[in-house]
């Protein structure tokens, strides 16, 4: 049975194979280069038309990726912004209101583990499309004003998001193997922008439609748009996949999840993802409530949370692009983790008076999520390896992170303040930095199959 080994990043053969699969020019013998140039000169019109079609196809694929990503945190962010209103209108108890942010993370953990096996059986295209269908249906169900519909709809939508979560890094690796950092930056930025827009708009939408439940259902509309664009790009994705398979069929070898059980890098990636997810979902689920406890109105608190997401948009783009260009990302992940920890300590000490400082630090710190997504592609080695590594790390990571928002809410109710749970979350951010120092070292290399 194949096992995995870690190959140093300087493996030129691996880089060349990926470049060939993407259609990029790879250094070869002089005779081969002259033959290729003659063939290109003899068919200028055909080559120009082919390049134009390829560019249009690539733009359509990228648009689909970006739109899918834009929908992956709309519901999560809306739940946090509307949590107090939902608790009041649906008469939710403490346990259930604390469970709502956790429900998303549990769904991500359970649904994510199926990503790589489903992609192997049905193809990434179909699975991502099905994930959007589940997201739409779950979001619509959340619009029914009952506690049962809210939780059930959140789980269904979360399962759909989970599949897209683990497969988008593989999509970036497969269709844009020489632009992993850039594509990750683009879809990571739109993901953050979607969370910001949802946090900002959900409370006003609830006022306009007369119900926080109906406001949740509104977010099914952008998911429908993403599904239509994803379907429209199907032919372009098929053409690129067939071309890559003809040139480098070995790169499409499936990586079974059990093979990652013996990889220290895979376990470290899972720990890193889980630690950053724990802090991120505390922010998305409870930051508005923390600000409300500091004396802000619900609208003001939601707006401040939204600002933290908007402030994170530039970092969400720059961080993965910068990380992909660095041979060693330890300084980057360490700095981001330090900012994140400082934000939680600040919220515990002075949540109201220095709120702007803490949301800026949190915005920068949360961009560690985009760096981890880029690391999936950089450490995965191939599209199949990236899908397996992403599935493994996100499923286990979300399972670990699921305890954080629930424990955070229970700790707040028990202590009567946010201080203790905020300090505990800061400690998790410190642990994130320590694990990140291991994963981000250039000595980790990439995962590759060994016969």
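The values are calculated or read from the model by the stated rules, or taken from the named source; none is laboratory data. As the structure is a computational prediction, the values presented were derived from the model and not from experiment. Every residue, glycine as well, gets a Cβ built from its backbone with ideal geometry; the counts of neighbours run over all protein chains shown.
Look through 150, 118 and report the one residue that is within 16 Å of residue 74 (Cβ to Cβ), modelled with pLDDT under 95 and touching a helix residue (DSSP H, G or I) at 6+ places or on another chain (Cβ under 8 Å). Show your work before the answer.
Values: 118 fails: within 16 Å of residue 74 (Cβ to Cβ).
One residue alone meets the criteria, 150.
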### Summary
Given the conditions (1) within 20 Å of the chain's Cα centre (by Cα); (2) crowded, with 16+ Cβ neighbours inside 10 Å; (3) within 30 Å of residue 204 (Cα to Cα); (4) modelled with pLDDT of 85 or more, every one holds for residue 314 apart from (2)
### Flag if residue 256 is under 27 Å from residue 392 (Cβ atoms), surrounded by fewer than 18 Cβ atoms within 10 Å (Cβ to Cβ) and modelled with pLDDT under 90
yes
### Query
Out of all the residues in the stretch 180-221, which are surrounded by fewer than 24 Cβ atoms within 10 Å (Cβ to Cβ), touching a helix residue (DSSP H, G or I) at 6+ places or on another chain (Cβ under 8 Å) and not in a helix (DSSP H, G or I)?
211, 218
### Task
Provide a single number: the residues in the stretch 268-306 that are modelled with pLDDT of 85 or more and more than 18 Å from the chain's Cα centre (by Cα).
15
### Any hit, the stretch 358-368, residues being within 14 Å of residue 185 (Cβ to Cβ), within 20 Å of the chain's Cα centre (by Cα), touching a residue at least 12 places away in the same chain (Cβ under 8 Å) and crowded, with 20+ Cβ neighbours inside 10 Å
yes
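Being crowded, with 17+ Cβ neighbours inside 10 Å and either in contact (Cβ under 8 Å) with a residue 60 or more places away in the chain or over 17 Å from the mean Cα position of the chain (by Cα) (or both): is that true of residue 137 here?
Values: crowded, with 17+ Cβ neighbours inside 10 Å: no; either in contact (Cβ under 8 Å) with a residue 60 or more places away in the chain or over 17 Å from the mean Cα position of the chain (by Cα) (or both): yes.
So residue 137 fails the test.
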### Query
buried (at least 23 other Cβ atoms within 10 Å of the Cβ), in a helix (DSSP H, G or I) and more than 21 Å from the chain's Cα centre (by Cα): does that describe residue 409?
yes
### Query
Are any of the residues in the stretch 369-379 at pLDDT below 90, assigned to a loop (DSSP other than H, G, I, E, B) and either within 21 Å of residue 278 (Cβ to Cβ) or touching a strand residue (DSSP E or B) at 6+ places or on another chain (Cβ under 9 Å) (or both)?
no
### Query
Within the stretch 54-97, which residues are within 20 Å of residue 288 (Cβ to Cβ), under 23 Å from the mean Cα position of the chain (by Cα) and assigned to a helix (DSSP H, G or I)?
74, 75, 76, 77, 78, 79, 80, 81, 82, 83
